[in-house]
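Let me begin by presenting the structure, written as structure tokens, before commenting on it.
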Amino acid sequence: MTELRRLTVDLGDRSYPIIIGPGALRDSGNFTPWIRSRQLLIVTNETVGPLYLETLTRTLEDRYSIQSVTLPDGEEFKTLEILNRVFDRLLGERFDRGCTLLALGGGVIGDITGFAAACYQRGVDFVQVPTTLLSQVDSSVGGKTGVNHPLGKNMIGAFHQPRCVIADTDTLNTLPDRELSAGLAEVIKYGLINDPEFFSWLESNMDALVSRDPDTLGYAIERSCRDKAEVVAADEREAGQRALLNLGHTFGHAIENGMGYGQWLHGEAVGAGMCMAARFSVDLGLMTDPEAQRAIDLVRRAGLPVDPPPAGSIDSTKFLELMSVDKKVQDGQLRLVLMKGIGKAFITSDFSLEALAQSLDRMIPS
């Protein structure tokens, strides 16, 4: 049996483990040290629930009183209205403030469940059980929770750290190819931000990742989580350097919003967004064209789009407007994560909107 990989997000008395590997959700010992109550609510969706809800319930039912709620699947359902279904179940079943919520699903379920936990009776425990590659390497780690608003993605939310993250890599066996590629966008992101050695490893191992080699995936997940855990430990609430984790996201969120949530997967939009950030970095003289091309080539090899939607879908004027509705905007000034090279990302507002508009005109297909 493959040994589970373990690491810790170091946040003092709120530190928590990340447990990674095959069969992790079938072993109650991975959960029990971190769950402090008998009342559990498992939150899942219509896609993941039929696959893994019964398994997780069996793992925990001898020790806990378990209820579940199943939400619709998709980014378009990451709303306050759907969030209320979780509160309805918690209140209807008289869950007290000592309860624990378990998020069984991808990033949308993790974000909704975490936000519900942050709000219910002013804060209860929750556990992340991510079942997609994107959620295992990114959204389940770090405590960002929330829902979307029609005017902006993730604009309503809270920081609320989980008690633990249990990433069962067996769940990736049922993941569609498109979802796997979406997760690889966030994996590539870590190499581009501050880990050039990992980026080179990804260039050598991308084919194995796309073909789902278990050992290669396990290493990529652990390395990604380790990179993110270090950033989160240094800047939990994104007062500074944690914003580097948003590489490609300001561009990507504009794509998601402009196309309508759910039309592009989050990872697809981030993949294209990272390529756009690389191209804009070249336009500003920050990054060489060959290095930008390395980034674009790796995103393409992961099966992701490398260009934004055509002008008929979102023109440059609309794109710039959508980018301005973003959490990275401060005092009315747009900040972007750009690059000086592979593994050399930085946060800046030192560019003109005219230069960005001209760059968008060049990048957006006619």
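The values are calculated or read from the model by the stated rules, or taken from the named source; none is laboratory data. Values in this document were obtained by computation on a predicted structure and should not be read as measured data. Reconstructed Cβ throughout: ideal geometry from the backbone, glycine too, with neighbour counts over all protein chains shown.
The set of residues from segment 123-161 being surrounded by fewer than 24 Cβ atoms within 10 Å (Cβ to Cβ) and more than 23 Å from Asp235 (Cα to Cα) comprises Asn148, His149, Pro150, Leu151, Gly152.
Kindly indicate whether any position in segment 57-69 is within 24 Å of the chain's Cα centre (by Cα), under 30 Å from Lys153 (Cβ atoms) and outside any strand (DSSP E or B). No - not one qualifying residue is present in segment 57-69.
Quick one: would you say Ile19 is among the β-branched types (Val, Ile, Thr) and in contact (Cβ under 8 Å) with a residue 60 or more places away in the chain? It is true that Ile19 is among the β-branched types (Val, Ile, Thr) and in contact (Cβ under 8 Å) with a residue 60 or more places away in the chain.
Filtering Pro176, Pro150 for residues that are under 19 Å from Phe77 (Cα atoms) and without any contact (Cβ under 8 Å) to a residue 24 or more places away in the chain leaves a single hit, Pro150. Ala185 passes every criterion in (1) within 19 Å of Val231 (Cα to Cα); (2) modelled with pLDDT under 95 apart from (2).
Within segment 95-116, being more than 17 Å from Tyr52 (Cβ to Cβ) and either in the same structural domain as Tyr261 (by TED's automatic domain parsing) or in contact with a Phe, Trp or Tyr (Cβ under 6 Å, 6 or more places away or on another chain) (or both) holds for one residue alone: Gly114. The residue list Ala182, Ala229, Ala167 contains one member that is over 26 Å from Ala117 (Cα atoms) and within 16 Å of the chain's Cα centre (by Cα), which is Ala182. Looking across Ser224, Ser204, one residue alone is touching a residue at least 24 places away in the same chain (Cβ under 8 Å), polar (S, T, N, Q), assigned to a helix (DSSP H, G or I) and not assigned by TED's automatic domain parsing to the domain that holds Leu133. It is Ser224.
Checked against the criterion of being in contact with a strand residue (DSSP E or B) (Cβ under 8 Å, 6 or more places away or on another chain) and buried (at least 19 other Cβ atoms within 10 Å of the Cβ), the candidates Ala277, Ala302, Ala269 yield just one match: Ala277.
Scanning segment 46-56 for residues that are assigned to a helix (DSSP H, G or I) and either in contact with a helix residue (DSSP H, G or I) (Cβ under 7 Å, 6 or more places away or on another chain) or among the aliphatic types (A, V, I, L, M) (or both) returns Leu51, Tyr52, Leu53, Thr55, Leu56. Say whether the condition of being of a type in the set (A, V, I, L, M), within 30 Å of Pro196 (Cβ to Cβ) and in a loop (DSSP other than H, G, I, E, B) is met by at least one residue in segment 308-321. No, segment 308-321 contains no residue that is of a type in the set (A, V, I, L, M), within 30 Å of Pro196 (Cβ to Cβ) and in a loop (DSSP other than H, G, I, E, B).
In segment 243-287, of all residues being free of Cβ contacts under 8 Å to residues at least 40 places away in the same chain and part of a helix (DSSP H, G or I), the one that is farthest from Ala357 (Cα to Cα) corresponds to Ala269.
It is to be established whether one or more residues within segment 61-83 are among the basic types (Lys, Arg), surrounded by fewer than 23 Cβ atoms within 10 Å (Cβ to Cβ) and within 22 Å of Pro17 (Cα to Cα). Checked segment 61-83: at least one residue is among the basic types (Lys, Arg), surrounded by fewer than 23 Cβ atoms within 10 Å (Cβ to Cβ) and within 22 Å of Pro17 (Cα to Cα). In the set (1) more than 21 Å from Gln161 (Cβ to Cβ); (2) out of contact with any helix residue (DSSP H, G or I) (no Cβ under 9 Å at 6 or more places or on another chain), the condition left unmet by Arg122 is number (1). Taking the listed residues Asp73, Asp111, Asp88, the one that is of a type in the set (Asp, Glu), under 15 Å from His160 (Cα atoms) and free of Cβ contacts under 8 Å to residues at least 60 places away in the same chain is Asp111, with no other qualifying.
Which one is farthest from Gly248 (Cα to Cα) among residues in segment 83-112 that are out of contact with any helix residue (DSSP H, G or I) (no Cβ under 7 Å at 6 or more places or on another chain) and in a helix (DSSP H, G or I)? That would be Gly92.
Restricted to segment 227-242, and to residues there that are part of a helix (DSSP H, G or I) and acidic (Asp, Glu), the residue that is surrounded by the most Cβ atoms within 10 Å (Cβ to Cβ) is Asp227.
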